[in-house]
Amino acid sequence: MIQAVLEFMEKLMLLGDEAIAQGAIDAGISGIYAYPGTPSTEIMEYVINSKEAKQSKIRSGWATNEKTAMEAALGMSYTGKRAIVCMKHVGLNVAADAFINSAITGANGGLLVVAADDPSMHSSQNEQDSRFFGKFAMIPALEPSNQQEAYDMIHYGFEISEKFEIPVLMRITTRLAHSRSAVVRKQTRPQNEIHLPGNLKQFILLPANARRQYKHLLQSQANFQEESDNSIMNQYIDGPDKKLGIVACGISFNYLMENFPDKKIPYPVLKLGQYPITRPKMKKLYDECDEILVLEEGYPIIEELIGSFFGLGKTIKGRLDGTISRDGELNPNIVGKSLGMEFAQTRPLPSVVTGRPPKLCKGCPHIYSYNALNEALTNYSKGRVFSDIGCYTLGALEPFDAINTCVDMGASITMAKGAADAGYKPAISVIGDSTFTHSGMTGLLDAVNDNSSITVVILDNATVAMTGGQKSSATGKLEKICEAIGVHKDHIIVMNPSPKYHEENMKVFKKEIEYEGVSVIIPRRECLHTAARRIKEEKKKKELEKIKSE
Amino acid sequence: MKKDIILAGVGGQGILSIAAVIGMAAIDNGLYMKQAEVHGMSQRGGDVHSDLRISDREIASDLIPEGKADMIISVEPMESLRYVPMLAPDGWIITNINPYVNITNYPDMDDILKEIKSIPNHIALDANKMADEIGSKKSANMVILGAASLFLGLKYEHLENAIAKLFKNKGVDVIEINLKALAAGKIFADNYNKN
Ligand SMILES: Cc1ncc(C[n+]2csc(CCOP(=O)(O)OP(=O)(O)O)c2C)c(N)n1
Ligand code: SF4
């Protein structure tokens with residue numbers, strides 16, 4: 001239905017994520033790489049479903065994890081073509097090695113890295129701020145305030161990436177990623193031809209080369225700074241009342257404007273959309289105004305930078321001085337209050353309203369895996385199940401209460417191993433199929449090499465369910481992978497997680513939990529939603545074929 | 001003209017189909033629109049909502065400020081109440097009265113209805129039953145939209161056009177049923193107001 005909306009309108013109504021995707025298509029990318037993760041998933045999905053992208057033979061499709069995605073994008077950039085790589089904020093942790101080093105190699109064809117942050121942790125383990133990563137890598141970073149800017153900045157980002165031969169980071173946050181608004185397209189640009197870097201040693205980070213490349217990166221800082229100082233993404237908007245100067249980064253600018261319906265803000269405002277932070281405009285604001293208020297989603301990066309360590313200088317208000325809460329995303333009311341505005345009392349939340357947390361779907365295969373596992377563990381003390389991230393993490397909630405950890409993708413296997421190494425047995429790992437190929441395989445190899453006594457349960461629902469049912473890199477490969485890693489054939493057991501086989505499955509769990517060594521159990525049944533979608537698509541295909549043959 | 005609308009329901013109930021119709025009617029008439037959607041957590045059964053803003057002037061924030069929503073359109077009764085703190089003093093609640101019970105402590109329906117009726121501007125309707133009578137359970141959301149159509153500041157035929165466009169690929173019958181559902185909701189709301 002949403003696709004239909006698009007087709008009927010001259011202006012495209014796009015999610016922030018989709019604006020980025022359309023921007024990338026129009027800016028002449030040759031490939032997009034990504035691993036799913038809320039709120040970034042729709043960027044890749046849009047390109048996968050785009051007819052234009054298909055016609056232009058733009059490479060798309062899900063990677064095994066963010067690091068492989070980042071490296072493939074860098075490889076494409078090496079050939080002189082434009083590439084974009086997208087991930088959620090914690091994905092950048094996984095890709096960090098490649099990401100940081102790509103700043104040292106530099107880019108050849110334009111290279112854009114999109115990181116979608118999730119302040120307030122709507123669907124994440126933390127609210128880390130990717131702007132830090134931009135600063136850490138010492139590369140230019142962009143932060144759009146709305147969908148149109150996101151679209152425009154993709155074009156601009158590729159231009160400066162090629163101008164300075166450097167990867168460029170774009171940071172967005174949940175609300176921009178998942179809010180729909182009108183976007184006007186620019187003219188499309190053809191893809192680059194293959195042209196290798198002039199210096200074929202540029203990408204060899206042997207110390208001797210790396211030192212040279214690093215010096216080059218340091219020297220480039222002045223250029224990045226100058227670009228940012230002159231960028232239209234950073235706007236100084238004057239105001240008559242100099243008692244306060246406001247710095248508004250990215251989407252916080254919209255929340256600020258919302259509080260001034262006539263669009264007249266009495267105070268000077270520095271609207272920031274590009275990093276490194278522009279010095280002349282920031283200095284002007286600091287010099288002219290009595291106090292500064294900093295509005296930024298995520299960490300108080302700018303506030304810390306312009307504030308004084310010793311509390312000298314002008315008063316800087318923001319998340320550090322308590323004007324705004326240290327955690328959580330911003331909204332119009334929080335921004336209004338930070339300006340001293342008073343809001344009328346709203347109606348209270350009626351007391352009849354009770355919580356309705358998300359839960360495993362009725363009939364979800366994970367339910368039956370947990371039921372059998374729980375029963376198999378009844379005679380052991382609690383606290384033995386190390387788990388991971390995915391739909392199955394909801395096994396932490398009642399009525400299952402089945403898992404004890406969830407830290408980062410892949411950690412279930414390695415944490416279980418650490419616990420087993422400490423003499424804590426049995427130690428069980430519960431991990432999803434996509435999470436296993438993302439970051440579980442290497443941990444399993446560690447366990448095999450150490451012959452750590454762990455039972456690894458790989459819940460194979462043939463999809464990346466949590467993020468909406470993307471194609472899983474693991475499908476059809478799990479047993480072979482485990483065997484090749486060195487798990488004994490007799491201890492790789494596939495089961496059907498259905499109530500029909502409860503007793504049988506429970507006994508398998510019991511037996512393997514007692515086994516001294518690495519065993520892998522694979523409960524295998526398709527996610528209900530993925531199955532429903534597949535059946536629908538197959539039916540459609542059949543009907544089409546029938547029409548064709550008639 | 002400016003309408004801030006909160007769409008509410010439970011994951012999987014398809015609140016975005018209502019958003020798509022309103023959004024398309026608004027855009028086709030040259031209005032601005034912003035719509036913050038809910039994505040992620042693909043499991044069904046959690047509470048979900050979407051902020052939909054339409055206006056003849058440019059819209060700044062993707063999120064509706066607290067206490068400023070003109071309307072809550074909900075496909076589930078308890079969910080309509082979850083966003084009451086967002087509602088403007090003279091705002092409307094338009095909600096289906098069929099509970100989606102997937103929690104053990106779902107409150108008493110009488111208490112929920114009492115609370116809905118304590119909001120001066122409300123319309124509570126049995127959209128499932130009305131959709132069923134028309135012959136398509138699936139079009140309950142369009143019944144609710146029909147009831148809300150009185151307060152959207154959009155011409156009724158623009159909503160009809162939007163439905164025709166959006167369901168074009170699904171065939172004439174589907175369009176017909178959804179238009180009927182829309183009309184049923186509108187007639188209900190017309191009479192509700194008179195009482
Ligand atoms: C580094 C990182 N990348 C992406 C995500 C987002 N994410 C959470 S769970 C998940 C995948 C879950 O898939 P799977 O393991 O197959 O379990 P399922 O949801 O299908 O049960 C993803 C991509 C994340 N939390 N961390
Ligand atoms: S989306 Fe699929 S895997 Fe996730 S809870 Fe529902 S049925 Fe289970």
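The values are calculated or read from the model by the stated rules, or taken from the named source; none is laboratory data. Keep in mind it's a predicted model, so treat the numbers as computed, not measured. Glycine gets a Cβ as well: all are built from the backbone with ideal geometry, and neighbour counts include every protein chain shown. When the accessible area is computed, the model is the full protein with side chains, heavy atoms only, and any ligands, DNA or RNA have been set aside. Shrake-Rupley method; radii C 1.70, N 1.55, O 1.52, S 1.80 Å.
Brief remarks on what is shown
- Any hit, the stretch A:445-458, residues being closer than 18 Å to A:Arg524 by Cβ and not β-branched (Val, Ile, Thr): no
- Being modelled with pLDDT under 95, under 23 Å from A:Asn126 (Cα atoms) and either under 28 Å from the mean Cα position of the chain (by Cα) or open to solvent by 10 Å² or more (accessible area, probe 1.4 Å) (or both) is a description that does not apply to A:Lys425.
- Among the conditions (1) modelled with pLDDT of 95 or more; (2) more than 22 Å from A:Cys527 (Cα to Cα); (3) open to solvent by 10 Å² or more (accessible area, probe 1.4 Å), the only one that A:Ala416 does not satisfy is (3).
- Among all residues of the stretch A:89-102, there is at least one that is open to solvent by 20 Å² or more (accessible area, probe 1.4 Å) and among the acidic types (Asp, Glu).
- Flag for A:Ser439 being over 23 Å from the mean Cα position of the chain (by Cα) and either open to solvent by 10 Å² or more (accessible area, probe 1.4 Å) or more than 8 Å from ligand 1 (Cβ to nearest atom) (or both): no
- Among the residues of the stretch A:333-353, those that are within 28 Å of B:Gly45 (Cβ to Cβ) and either within 16 Å of ligand 1 (Cβ to nearest atom) or open to solvent by 30 Å² or more (accessible area, probe 1.4 Å) (or both) comprise A:Thr346, A:Arg347, A:Pro348, A:Leu349, A:Ser351.
- Residue under evaluation B:Ile177, criteria (1) away from chain A (no Cβ under 12 Å); (2) farther than 15 Å from B:Ser74 by Cβ; (3) out of contact with any Ser or Thr (no Cβ under 8 Å at 6 or more places or on another chain), criterion not met: (3)
- The stretch A:358-403, residues that are open to solvent by 30 Å² or more (accessible area, probe 1.4 Å), within 14 Å of ligand 1 (Cβ to nearest atom) and among the small types (Gly, Ala, Ser): A:Ala396
- Condition broken by A:Asn126, with the remaining ones in (1) modelled with pLDDT of 95 or more; (2) buried (at least 19 other Cβ atoms within 10 Å of the Cβ) satisfied: (2)
- The single residue among A:Thr393, A:Thr435 that is within 16 Å of ligand 2 (Cβ to nearest atom), assigned to a helix (DSSP H, G or I) and in contact with an Asp or Glu (Cβ under 7 Å, 6 or more places away or on another chain) turns out to be A:Thr435.
- Counted residues, the stretch B:27-80 - those being free of Cβ contacts under 8 Å to residues at least 40 places away in the same chain, under 26 Å from A:Ala532 (Cβ atoms) and among the small types (Gly, Ala, Ser): 3
- Checking the stated criteria, B:Ile123 turns out not to satisfy the condition of being in a loop (DSSP other than H, G, I, E, B) and either polar (S, T, N, Q) or open to solvent by less than 20 Å² (accessible area, probe 1.4 Å) (or both).
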